[in-house]
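Input: a single structure, listed below in structure tokens.
No lab work stands behind these numbers, since they all come straight from the coordinates. In this text, all values refer to a predicted model and were calculated from it rather than measured experimentally. Note: ideal-geometry Cβ built from the backbone for every residue, glycine included; neighbour counts use all protein chains shown.
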Amino acid sequence: MGSSKHRTGIVIVGLGPLGRVIALDAIARDDIKVIGAIDPAFAGEPLLGVLSRDPSERFESLGPGIPDIRVAEVFDGAAFQGLAEAALVATVSDLGKASKTFRRLLGAGLCVVSTCEELLFPILRHPELTHELDELARAHCGQLLGTGVNPGFVMDALTIALSGACRDVRGVAIERIQDASTRRIPFQKKIGATLSPSAFEIGVGEGWLRHVGLGESLHLVAHSLGWAVESWSETIEPVLTDETMDCGLGKIPSGHARGVRQVATGIVGGHERLRLEFVAAIGEPDPGDRIHLDADPPISMRIEPNIHGDIATSAIAINALRSLASCPPGLHTMADIPLVRWRSAGVSCGAIAGAIS
């Protein structure tokens, strides 16, 4: 990812709604060259055709510049040897289900950034797999990182960065309150919009209805602050509407869920020192991202409205490539890679920046 004269060859893995946003954003970059796309659902189709399924201003402006490539069913390291340097993966939230893809990419020695939520702090739920992927990356000189806007930024990396201005931190409280009306349909489904309370409870029990990554964010923050979490818990409940509403999934009857509320808390030193609250609901009246550090000095930050989920997740995933590529081989977190930032590909930053970047 070095100078602006070099265009990094990347492969896009996963062309769902978020993956298509990532693909379009990557194609628009001057420092990136999309050389392949992987998704069994669209295998054999032209990438142009897949990206035109939900036209946007982004697509209209880039349409003529979309590479003339066909989507492959699986990643073939031999086919991309010498061409691909990195991969952007937007497939599933579950690390176990995504692990086969990561093994293929790391086996080819690629720099891999993924929006897989459990990859943010993978040792929490997948300790053995974490060590396996780290060893595989080291063996093949690859890198692996999980990130996004949340988890990956608002409720963890940004909070960790704010702590750098403190000489002592006693407690952390974070809220991400979203109006999900403008979010993609799969997201609205994942938060249970339109479901009755009983159907919501079934979805939670089956494991598909939840925001994935709240526990990972809590533990990444604690780990970065040097806190040993003695115990932690997470609750999930529906946000019900008292009137009929509309959303991308259809009508939401009165008394049904318009979204989800999740709260994760962590006990450190016998006291609750971490509290993370996530609310995503259709028509949420007071959206915003709020971070409070009970610290010396105390720090409170409020972002209104929220940082946009899909746009920011795509941006962070792409911007993280440069930071991750500068790291040694292995599995990394947002707390141990260099600061992720946007950087113009066409403007020289001068000799000093060149010497330290």
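A few remarks follow.
- Between Arg261 and Glu237, Val239, the built amide H atoms are under 5 Å apart, and every one of these is 5 or more places off in sequence or on another chain.
- Charge dipole (debye, nearest 20) of the stretch 157-307; +1 at Cβ of Lys and Arg, -1 at Cβ of Asp and Glu: 340
- Global form of the stretch 224-357, assessed from the alpha-carbon gyration tensor, a/c cut-off 1.5: oblate
- Contact order normalised by residue count of the chain, Cα under 8 Å, 6+ apart, percent: 19
- Residue among Ile185, Ile160, His140 farthest towards the positive dipole end of the stretch 137-208, charges placed on Cβ: His140
- 14 Å Cα-Cα reach of Lys97 towards aspartates and glutamates, excluding residues that sit fewer than 8 places from it in its own chain: Glu117, Glu118
- Percentage relative contact order, the stretch 157-307, counting C-alpha pairs under 8 Å, at least six apart: 36
- For the chain, built as a Gaussian network whose Cα springs stay under 10 Å, the top-fluctuating residue of Val74, Val13, Val112: Val74
- Shape of the chain, Cα gyration tensor, a/c cut at 1.5: oblate
- For the stretch 41-49, the Karplus equation 6.51 cos²θ - 1.76 cosθ + 1.60, evaluated at θ = phi - 60°, returns couplings of 5, 10, 3, x, 7, x, 4, 4, x Hz by residue, with Gly and Pro reported as x.
- Just so you know, the Rg over Rh for the stretch 136-237 is 1.04, from Cα atoms, with Rh as the Kirkwood radius.
- Separation in nanometres of the label points that stand 7 Å from Cα toward Cβ, at Asp296 and Glu237: 3.7
- In order through the stretch 236-252: 3J(HN,Hα) via Karplus (6.51 cos²θ - 1.76 cosθ + 1.60), integer Hz, x for Gly, Pro: 9, 8, x, 9, 8, 9, 9, 8, 5, 10, 10, 8, x, 8, x, 6, 10
- Scanning residues 5 or more positions from Lys33 or on other chains, those with amide H under 5 Å from its amide H are Thr8, Gly9, Ile10, with H placed 1.01 Å from N in the peptide plane.
- Extension gain (nm, one decimal) between Ala161 and Ala28, 0.36 nm per residue minus Cα-Cα: 45.0 nm
- Projected label points at Ser52 and Glu206, each 7 Å from Cα along the beta carbon direction, are separated by 3.5 nanometres.
- Mean Kyte hydropathy of -1.0 or more with a Cα span along the axis of at least 20 Å, helices from DSSP in the chain: 309-325
- Selected from Ile27, Ile299, Ile291 as most flexible by GNM, with the chain as the system and alpha-carbon contacts under 10 Å: Ile299
- Look at the Cα gyration tensor of the stretch 249-290: its axes a ≥ b ≥ c give a/c of at least 1.5 with a/b over b/c, and that counts as prolate.
- Cα centre as origin, Lys/Arg/Asp/Glu Cβ charges: the chain dipole, Debye: 800
- Between Arg125 and Leu339, residue separation times 0.36 nm minus the direct Cα-Cα distance comes to 74.5 nm.
- 3J(HN,Hα) along the stretch 67-83, derived from phi through the Karplus expression 6.51 cos²θ - 1.76 cosθ + 1.60 where θ = phi - 60°, amounts to x, 7, 10, 9, 5, 9, 6, 9, 6, 10, x, 5, 5, 10, 4, x, 10 Hz, with x in place of Gly and Pro.
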